[in-house]
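> A single structure is presented below for examination.
Nothing in this text is a laboratory measurement; each read-out follows from the coordinates by a stated rule. As the structure is a computational prediction, the values presented were derived from the model and not from experiment. Cβ coordinates were reconstructed from backbone atoms using ideal geometry, including for glycine residues, and neighbour counts include every protein chain displayed.
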Amino acid sequence: MSRGMLRDLQAVTAGRVYDRSAFVVVEPAHRDDVSAVARFCSARGVALSTLGTGHAQRPHALFNGGVVLDMRALNAIVRVDEEAIVAGAGARWFEIADAALAIDRAPPVLPTCLELSIGGTHATGGIGVASFRHGQQIDHCLALDVVMANGEQTTCTPGDALFLACLGGLGQCAIITQVTHALRPVARDSREYRLSYSDHAAFAADCATLADEPDVEAIDAQAVPDGRFQILVRREGPALHASHAAFIERRSARAGMHRDRPTKVALLPDTPTTDAFLPLIGAWDEHFVPANAAPDVTRAMLSLVPSDWLARGHVLLWQLAARGSPPFMPRPPGDRLALISVRAPTDAVDLTAMAGISEVAREAGGTRYVSRYRAADRSTWSAHFGAGWPTVNALKRRFDPQGILNGGVIAYEEDQRSEGQHG
Ligand SMILES: Cc1cc2nc3c(=O)[nH]c(=O)nc-3n(C[C@H](O)[C@H](O)[C@H](O)COP(=O)(O)OP(=O)(O)OC[C@H]3O[C@@H](n4cnc5c(N)ncnc54)[C@H](O)[C@@H]3O)c2cc1C
């Protein structure tokens with residue numbers, strides 16, 4: 001990899017918040033290459049980090065001084081059929097979506113930016129505007145081919161401790177080389193609505209009722225400037241157009257309709273490329289909260305958000321049908337959650353406001369979305385994982401006893417695992 005390419009990756013990684021460099025970058029073309037690198041690092045105690053496409057707001061993918069595996073060349077679509085797609089960890093979601101749509105199938109949930117890798121979002125959870133119905137992307141993972149820290153290759157499936165440790169696991173226990181991901185049928189006709197509110201209560205009520213409508217496939221809710229709120233909704237299915245009037249009728253009388261237009265596939269985002277997102281790269285803080293607490297939490301967070309963040313920043317509310325409990329991704333109990341995301345513009349990060357926002361979520365029983373969690377000491381990590389903290393430590397010890405994989409992320413109970421080792 002050239003220095004220029006590495007700089008490009010650093011520009012995207014961590015929303016330009018961090019500046020890290022690697023000792024050496026390896027681009028594996030085959031899972032045997034990943035094994036060889038892991039064996040090399042394990043024999044010498046060298047830190048080994050995994051890079052998907054570098055969209056995480058964290059420095060760990062470019063760990064100082066160690067070896068970085070740039071997974072982007074491991075991107076083959078190995079197989080696709082009506083039930084599932086099998087792809088290399090470096091395949092990006094637009095490649096997955098294209099291959100699936102070609103046979104009228106789709107992944108249940110897509111991220112809004114389709115340039116993320118399938119390995120990267122399985123290591124971070126993967127959430128999108130269809131998560132209110134279909135959960136996170138990791139909920140649709142059928143199998144993972146992985147390389148262990150010692151170079152051993154294995155395949156894990158639901159029920160295996162390693163499988164759960166890899167889902168949302170920030171590459172702490174193994175390197176994902178291939179993912180088998182479920183597909184669902186997709187309708188080719190959908191209709192998009194952009195609803196606008198000046199009243200928070202009406203906005204919150206419509207968010208909740210939309211999630212129960214059978215033909216709604218995408219809900220993207222956000223706070224916008226001037227005390228207003230917006231919901232982008234996409235519906236799909238055979239009764240779509242005939243039920244248009246009834247759909248509008250069911251919305252709050254205080255909802256304004258700004259756009260109603262036909263679209264092709266409900267779950268495909270309008271602006272799927274990283275370039276389209278560059279203005280939105282900044283410091284994000286994201287929290288899972290119980291769905292019934294989301295209206296109060298959103299209101300309290302908005303009272304703390306500096307006024308210009310809504311114009312230049314972002315406050316998003318995505319609902320989530322939660323399933324399972326991956327150990328590296330603690331979430332509040334219950335199956336109806338909301339992910340509330342607050343973005344500070346890069347040049348106006350207000351740490352006091354950010355801390356206040358986290359406190360509001362914590363008081364409501366919320367947890368941080370670990371993919372966006374910035375540096376924290378051991379006691380903060382321990383509080384983050386709560387009762388699951390001993391399990392997380394035990395999994396790390398079991399699957400990566402030397403602590404070489406993706407160091408510098410979680411401050412484990414033993415020092416060598418909190419910092420990784422420099423080669
Ligand atoms: C513009 C933008 C839009 C985003 N939109 C969404 C969204 O809609 N939904 C969403 O869920 N997230 C979103 N994210 C956030 C999040 O950063 C990504 O989900 C995540 O980083 C995956 O992307 P990646 O392929 O770039 O992985 P990276 O950022 O490169 O890696 C993320 C983490 O996973 C680990 N990892 C990567 N590949 C592997 C592997 N093969 N095996 C083991 N560990 C691995 C890395 O070490 C790192 O810890 C977005 C981020 C940006 C910048």
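> Å³ per residue of the Cα convex hull, for the range 73-185?
That works out to 91 Å³ per residue.
> While we're here: Mind telling me which of 112, 367, 157 comes out most flexible in a GNM of the chain, alpha-carbon contacts under 10 Å?
157
> For the range 297-402, which chymotrypsin sites (Phe, Trp or Tyr not before Pro) pass both filters: DSSP loop (anything but H, G, I, E, B) and at most 14 other C-beta atoms within 10 Å?
Sites meeting the loop and neighbour criteria: none at all.
> Same structure again: Please work out the Kirkwood hydrodynamic radius for the chain, using every pair of different C-alpha atoms, and report it in angstroms with one decimal place.
21.9
> Turning to a different aspect of this structure: How much net charge surrounds residue 153 when only the other residues with a Cβ under 13 Å from the Cβ of residue 153 are counted, with Lys and Arg +1 and Asp and Glu -1?
Net of charged neighbours comes to -2.
> To continue, here is another question. Please work out the Kirkwood hydrodynamic radius for the range 223-266, using every pair of different C-alpha atoms, and report it in angstroms with one decimal place.
12.2
> Please identify the GluC sites (Glu not before Pro) of the range 75-122 that satisfy two criteria: DSSP loop assignment and at most 16 other Cβ atoms within 10 Å. Which are they?
82, 83
> For the range 343-404, what does the convex hull of the Cα positions come to per residue, in cubic angstrom?
114
> Still on this structure, I have one more. So the label point goes 7 Å from the Cα of residue 194 along Cα→C-beta, right? Which residues of the range 229-253 then have their backbone N under 18 Å from it?
Flagged as within label range: 229-235.
> Per Stokes-Einstein, at 20 °C and 1.002 mPa s, what whole-number D in µm² s⁻¹ belongs to the range 190-263, with the Kirkwood radius over Cα pairs as the hydrodynamic radius?
Value of D from the Cα-based Kirkwood radius: 175 µm²/s.
> If each DSSP helix of 4+ residues adds -39,500 (n - 2.57) and the sum is divided by the residues in the chain, what number results at 222 nm, nearest 500 deg cm²/dmol?
One gets -8000 deg cm²/dmol as the mean residue ellipticity at 222 nm.
> When the dipole is taken about the Cα centre of the chain, and only Lys, Arg (+1) and Asp, Glu (-1) are charged at their Cβ, what size is it in debye, to the nearest 20?
260
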